[in-house]
1. Extending each Cα 7 Å along its Cβ direction at residue 133 and residue 20, get the distance between those two points in nm, one decimal.
2. Restricting to bridges with both residues inside the range 4-184, how much of the DSSP beta-bridge set is antiparallel, in percent to the nearest 5?
3. I need to check one value: relative contact order of the range 4-184, counting alpha carbon pairs closer than 8 Å and at least 6 residues apart, in percent.
4. Got a sec? Which residues in the range 116-135 would a label at residue 145 touch, if it sits 7 Å along Cα→Cβ and we count backbone N under 18 Å?
5. Relative to the present Cα-Cα distance, how much length would full extension add between residue 88 and residue 122 at 0.36 nm per residue of separation?
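Coordinate-derived values only; no laboratory data. Everything quoted here is computed from the prediction, not taken from an experiment. Virtual Cβ from ideal backbone geometry, glycine too; neighbours counted across all protein chains shown.
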């Protein structure tokens, strides 16, 4: 299992940067943290679209630096209105990121419509899904879960298990939610330095 550090040392593409103009899916208990990581890294307006009754949303005071000023919450009364709103936000060129929290599975047709909207607006989309509820139209699909960590750190495991344009992989990250600074955590049992001579 290669860590992201291995990929960077080899000079390969940083897969934690999502392809622009496409919609990506993320599931798992760490999906909100994954979305906020990308919100902190992209400049410009951010739209977070969710159902009116959905209370699983970040609080402004807990957001990474510079995100709260650019974040706009939109509430939809049902899934049909939510998908329509996501499409319209993805098509809006000034928008840099659209985050959508869906309650139901995405049909292939709906998934394709979202991809076309993201392409038209050259906007990045992140859809927060429940496990196994994604669409085959997604550009990438991630599973994100927290890992045990010391009190001063937030460790996550981000598993890229679908990627239409490249490889898949497992990335352990330790990140600071306030600044979205990420430190790569070596996988257990992996050596990042040559083995020394026997003694």
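1. A separation of 3.1 nm, rounded to one decimal place.
2. 45
3. In percent, rounded to a whole number, it is 27.
4. Output list for this probe position: 129-134.
5. Values: separation 34, 0.36 × 34 = 12.24 nm, distance 1.24 nm.
In short, 11.0 nm is gained.
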